[in-house]
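The values are calculated or read from the model by the stated rules, or taken from the named source; none is laboratory data. On a predicted model such as this, the values are computed, not experimentally measured, just so you know. Glycine gets a Cβ as well: all are built from the backbone with ideal geometry, and neighbour counts include every protein chain shown.
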Amino acid sequence: MTDHNTASNPDFPTRKFYGRRKGKAMTKRRQGLIETLLPKLALDLPDNDTVDPSQFFEHKAKDIWLEIGFGDGEHLALQAESHPDTGFIGCEPFMNGVAGLLCEVEERRLDNIRLWADDARDLMDALPDGCLGRCFLLHPDPWPKTRHHKRRFIQDSTVKTLARLLKPGAELRIATDDADLCDWMLYHVEKSPSFEWQAEKAEDWRTPPADWPVTRYGEKQLAGIPVYMTFLRVAEKR
């Protein structure tokens, strides 16, 4: 896959990836889907150029939504099933999670999902301005040790890139059950003039949006109290 390492992200000067690529051995079915279905859904990016994401889909998509770090893929699959006219791009470098989404795609017969099984920042660098109608970042790795905070996905640079990619009126949805990470992400996104937090009362961030699908992960007893933050992409004031 193409390396889109650029100097435009000062928080990631060497574009180093942190995290697992593989976990425990996969079942025969999952390994088979990695070999047969993934090549059909995996994205191929041009070198040093932008790409129109609508071209990723056989049928014309009314909108393009992005999920960064989709875990086992259940949320992404349920969103895609509920919005068949929308094209979904899922980013996940952990191959066991990719295999989980491939199972969902096969079982639900979804044709509006494409995959980037690598660093999401590389894909984001290749997408054009204002191409996304929504972006999900759900329960990212909290990297709790102070010396690892630079590994957290939300940094000033990624917020700036998300602002570039999201069209006016688009939503950035973030969820976490880690209190320290919640404060970190809220601070970095809220200080951007491109985003407005939509919460008006505590219930707004304690309760997921009405169209948030119930997943097996969401029903688990999480480490802390889950927080659901929705930010609106707004025009910057001059």
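(1) in contact (Cβ under 8 Å) with a residue 60 or more places away in the chain; (2) more than 21 Å from TYR228 (Cβ to Cβ); (3) touching a Lys or Arg at 6+ places or on another chain (Cβ under 9 Å): which one isn't true of LEU123, the others all being true?
All conditions pass for LEU123, except number (3).
Can you report the number of residues in segment 38-95 which are among the charged types (D, E, K, R) and either within 18 Å of HIS139 (Cα to Cα) or in contact with a Cys (Cβ under 8 Å, 6 or more places away or on another chain) (or both)?
Final tally of qualifying residues: 5.
Which residues, taken from segment 121-155, are at pLDDT 95 or above, under 25 Å from PRO168 (Cα atoms), part of a loop (DSSP other than H, G, I, E, B) and not hydrophobic (A, V, I, L, M, F, W, C)?
PRO128, ASP129, GLY130, GLN155
Among the residues of segment 96-113, is any small (Gly, Ala, Ser), over 16 Å from the mean Cα position of the chain (by Cα), surrounded by fewer than 18 Cβ atoms within 10 Å (Cβ to Cβ) and at pLDDT 90 or above?
For segment 96-113, residues small (Gly, Ala, Ser), over 16 Å from the mean Cα position of the chain (by Cα), surrounded by fewer than 18 Cβ atoms within 10 Å (Cβ to Cβ) and at pLDDT 90 or above: absent.
When only residues in segment 191-211 that are touching a residue at least 40 places away in the same chain (Cβ under 8 Å) and out of contact with any helix residue (DSSP H, G or I) (no Cβ under 6 Å at 6 or more places or on another chain) count, which is surrounded by the most Cβ atoms within 10 Å (Cβ to Cβ)?
Looking at the filtered set, the residue picked out is PRO193.
In segment 67-83, what residues are part of a helix (DSSP H, G or I), among the acidic types (Asp, Glu) and at pLDDT 95 or above?
GLU81
Looking only at segment 45-66, which residues are under 14 Å from ILE113 (Cα atoms), in contact (Cβ under 8 Å) with a residue 24 or more places away in the chain and not in a helix (DSSP H, G or I)?
Residues satisfying the conditions are PHE57, GLU58, HIS59, ALA61, LYS62, ASP63, ILE64, TRP65, LEU66.
Here are the criteria: (1) surrounded by fewer than 14 Cβ atoms within 10 Å (Cβ to Cβ); (2) not in a strand (DSSP E or B). Tell me which single one PRO168 does not satisfy.
Of (1) surrounded by fewer than 14 Cβ atoms within 10 Å (Cβ to Cβ); (2) not in a strand (DSSP E or B), only one is false for PRO168: (2).
Any idea which of (1) on the phi > 0 side of the Ramachandran plot; (2) out of contact with any helix residue (DSSP H, G or I) (no Cβ under 7 Å at 6 or more places or on another chain) is the one GLU107 doesn't satisfy?
For GLU107, the exception is condition (1).
Tell me which residues, restricted to segment 75-92, are surrounded by fewer than 19 Cβ atoms within 10 Å (Cβ to Cβ) and either within 21 Å of LEU127 (Cβ to Cβ) or among the β-branched types (Val, Ile, Thr) (or both).
Across segment 75-92, the qualifying residues are HIS83, ASP85, THR86.
Look through segment 127-154, keep the residues that are buried (at least 19 other Cβ atoms within 10 Å of the Cβ) and over 12 Å from the mean Cα position of the chain (by Cα), and return whichever of them is farthest from PHE231 (Cα to Cα).
Among those that are buried (at least 19 other Cβ atoms within 10 Å of the Cβ) and over 12 Å from the mean Cα position of the chain (by Cα), it is TRP143.
Could you please let me know if TRP116 is surrounded by fewer than 20 Cβ atoms within 10 Å (Cβ to Cβ), aromatic (Phe, Trp, Tyr) and in contact (Cβ under 8 Å) with a residue 12 or more places away in the chain?
Here the answer is no, as TRP116 does not meet what is asked.
In segment 101-120, what residues are assigned to a helix (DSSP H, G or I), farther than 15 Å from HIS83 by Cβ and out of contact with any Phe, Trp or Tyr (no Cβ under 9 Å at 6 or more places or on another chain)?
Result: LEU102, CYS103, GLU106, GLU107.
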